[in-house]
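Remarks on the structure that follows.
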Amino acid sequence: MKPHSAAFDPYAPYRQVAVYSDRAVFWFTWLGVLPGVVLAYLNARRLDEEPLRLKVLAAALGWGAVYAGVLGLIALYPDYARWIRLLGLAATYALALFLQMQTAPVVQVHLRMGGSLASVWAPLGLALLWLLLFWTLLGAYYYFVRGSLVP
């Protein structure tokens, strides 16, 4: 039996779910890649957007392949490492823009339906921990393997 039309609210599921803004997805991707990919994936999962979920995973895998290629080029041509790193930055920027462009329409529809934005403080703390872990591991590599903190 269907609920009475006056009591039935078709937008109620949207009001119960909070998603991250497309700007937050961009900045978290640009500054740390993994946190931004996680935010975009969470948005797709919370809104039950299977195509967006697959696009996020495919983009992250594509970025990983490009970045592995960049690291391979740096290993082959260490004299040009400073210039080759620009390819990695370009790939990261392209990933951030792609995720922002893919999540923006979904977030806008969610907001028009009465949904809300989630706070970015918890992901910011996790992103800072992620960056701290990354730089600690990189420093440990240089200190223990190479014998100096200077690359």
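Of these, T92, T136, which one is more than 15 Å from the chain's Cα centre (by Cα) and of a type in the set (S, T, N, Q)? If you could, list the steps in order and put the result at the bottom.
Details: T92 fails: more than 15 Å from the chain's Cα centre (by Cα).
Selected residue: T136, the only one of T92, T136 that is more than 15 Å from the chain's Cα centre (by Cα) and of a type in the set (S, T, N, Q).
Residue pairs, Cβ under 9 Å, 6 or more apart or interchain, first in region 67-84 and without any contact (Cβ under 8 Å) to a residue 60 or more places away in the chain, second among the basic types (K, R) and open to solvent by 40 Å² or more (accessible area, probe 1.4 Å). List them.
As it stands, the answer is V70/R85; I74/R85, since those pairs meet every condition given.
Within region 66-79, does at least one residue satisfy the condition of being crowded, with 17+ Cβ neighbours inside 10 Å, modelled with pLDDT under 95 and either in contact with a strand residue (DSSP E or B) (Cβ under 8 Å, 6 or more places away or on another chain) or in a loop (DSSP other than H, G, I, E, B) (or both)?
no
For L34, state whether it is more than 19 Å from V106 (Cβ to Cβ), of a type in the set (A, V, I, L, M) and at pLDDT 95 or above.
Considered against the rule, which asks whether it is more than 19 Å from V106 (Cβ to Cβ), of a type in the set (A, V, I, L, M) and at pLDDT 95 or above, L34 comes out as no.
Would you pick out the residues in region 90-123 that are under 16 Å from W30 (Cα atoms), surrounded by 16 or more Cβ atoms within 10 Å (Cβ to Cβ) and aliphatic (A, V, I, L, M)?
If the condition is that a residue be under 16 Å from W30 (Cα atoms), surrounded by 16 or more Cβ atoms within 10 Å (Cβ to Cβ) and aliphatic (A, V, I, L, M), then A91, L95, A96, L99, V120 are the ones that fit.
Looking at L137, L52, L87, L61, which is the one that is touching a Ser or Thr at 6+ places or on another chain (Cβ under 9 Å) and either at pLDDT 90 or above or loosely packed, with under 12 Cβ neighbours inside 10 Å (or both)?
L52
Please determine whether any residue of region 132-143 is outside any helix (DSSP H, G or I) and either over 28 Å from Y20 (Cα atoms) or of a type in the set (F, W, Y) (or both).
no
The values are calculated or read from the model by the stated rules, or taken from the named source; none is laboratory data. Being a predicted model, the structure only gives us computed values, none of them experimental. Cβ coordinates were reconstructed from backbone atoms using ideal geometry, including for glycine residues, and neighbour counts include every protein chain displayed. For accessibility, only protein heavy atoms count, side chains too; no ligands or nucleic acids. Shrake-Rupley method; radii C 1.70, N 1.55, O 1.52, S 1.80 Å.
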